[in-house]
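Below: the structure, in C-alpha cells.
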Amino acid sequence: MNNTVYLDYNATAPLRPEARAALLAAGEIGGNASSVHGYGRRARACIEDARASVAELVGAAPEGVTFTSGGTEANNLAIRGVEATAVITSSIEHDSVLAAAPQAARIPVDGDGVVSLEGLAALLERVPGPALVSVMAANNETGVLQPIAQLAELVHAHDGIVHCDAVQIAGKAPFDMAEAGVDLLTLSAHKIGGAAGVGALVVANDCKFEPQLRGGGQERGRRSGTENLCGIAAFGAAAKAAAEDAKNPDRLAHLRDRLEQAVKASDDGTVVYGERAERLPSTSCIGLADVSAEVQVINLDLAGVAVSAGAACSSGKVTPSHVLQAMGCDEGEAASAIRVSTGWATTPTDVDRFIAAWSEMAGRLAPERTAVAA
C-alpha cells in the first residue's frame, strides 16, 4: 500500500508525526488521570495540555472542552443532552446527527448545498419555545461551507441554541467558535491527523446539557469514563499542527482547483458538486455520468489511488448520497459521485497521480457508461 496515493482525508487523515510522538509519550506515563499520586498527576497534566490545544484550535476556553470517544458521541451528546422544545437540523447533516434526531424538522438546502436561512426562519416561527438547531460548518461530502454566523444570529433571536458539527472544517480553514456565535461544537481527532477513537464536544457560554454517560464523574461530570490518555495526547498534538495548517488554506485550494479543472476538461460528463458555493479547500465531490461511484472507487483503487464514495461511516455500504439528493440530484446522479479529499501530507504529485488515473478510467468507461447499480 506504500505506493498508493491516499486522497480520503475526510474519512480519516493519516496520523501526523507529532500526534504519533505524543501518543507514544503518553503511553509511557502509565497513570490514571483521576489518581492523586505522581503518575496520575502527570496523566492529568498531559490531558489538560491537550485540552488547551484543542480549545485554541476553535477559539474556545479550555474548560469548555469535553473529551468523548469521537464525533458521533459528541453529536449525540449535544442533541440528546440539551433541553429544547424542538430540534431543527439540515437535510445534509452527517448520519450521526440525523439518526440522533430522527423527528427533527429539516432545513432545506439550495442546489449548491447551502442551507436556506429563510427556511430556517419559517421553522423557528413555528416552534413554541427555544429550539436546538444543529447545522454542520462544512459538509463532509461536498465541502460546502454553511453561513453559521448568520444562522446563529437568527437562532439566538428566537432564544434558541446552536450546535455545529465542525469535524470537517477544523484545521482546514479558519473557524472561531465565539465569532461564529456557536454554543456547542463537535470535533473529531482522526479528521485532523490525530488517533481514531477520540473527539470533543466544546461548550461556550456555559451552555447546559445532560450527561449521557454516568459513573465516575470525569470531564467535569459531563462525560464519565476513564479518559483515553494516549488518544487525547495525540489529539492535542494534532490540534496544534492543524491550527498552523488552517492559516494557509491556499495550498490545498490550489491543488483542488487544478484537480477539478483537469477532470472537467478530460470528460464532458463530469460534474463538480457545490463548486459555485464557498467550499473547503480540501474537498471535491465529482460526478461521472452513468458510472457508479462503486465502480469508480474500485477502478481508482486498482490504479493505486484511494478515494471514497461519499461519507465513509456506513459500514462499507455504497448508497446514493442523501446530501446530493437534498441538493436536487436524482438517484442516478447521487449514486455516481466520488469524494476526493486532501490534507496535511498531500503533494502536487499525489494530485497528478489522481488526474492520470481518473482520466484513464473515464476514457475507458466513457464509451459504455457502466450502468449505475440499482
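Derivation of every value follows stated rules applied to the coordinates shown; laboratory data play no part. Quick caveat: nothing in here was measured; it's all calculated off a predicted structure. Don't worry about glycine lacking a Cβ; one is built from the backbone with ideal geometry, like all the others, and counts go over all protein chains shown.
Given a Förster radius of 25 Å and the C-beta distance between Ala21 and Thr349 as r, what FRET efficiency does 1/(1 + (r/R0)^6) yield to the nearest 0.05?
0.45
Note down the relative contact order for the range 17-245 as a percent, whole number, built from C-alpha pairs under 8 angstrom at least six residues apart.
About 29 percent, as a whole number.
For Cα Rg over 2.2 N^0.38 Å, one of (i) 1.24; (ii) 1.28; (iii) 1.00 was computed from the structure I shared and the rest are decoys. Which label?
Step by step, Cα Rg over 2.2 N^0.38 Å for this structure corresponds to label (iii).
Can you tell me the FRET efficiency between Ala303 and Glu331 if r is taken as the Cβ-Cβ distance and R0 is 35 Å, rounded to the nearest 0.05?
That pair, Ala303 with Glu331, gives E of 0.80.
Count the lysine pairs in the chain whose Cα atoms lie under 20 Å apart, taking only pairs 8 or more positions apart in sequence or on different chains.
Close lysine pairs found across the chain: 5.
Tally the DSSP beta bridges in the chain and give the antiparallel ones as a percent, rounded to 5.
Beta bridges within the chain, antiparallel portion: roughly 55 percent.
At R0 = 35 Å, how high is the FRET efficiency between Asp250 and Ser116 if r is their beta carbon distance? Nearest 0.05 is fine.
Computed FRET efficiency for Asp250 and Ser116: 0.75.
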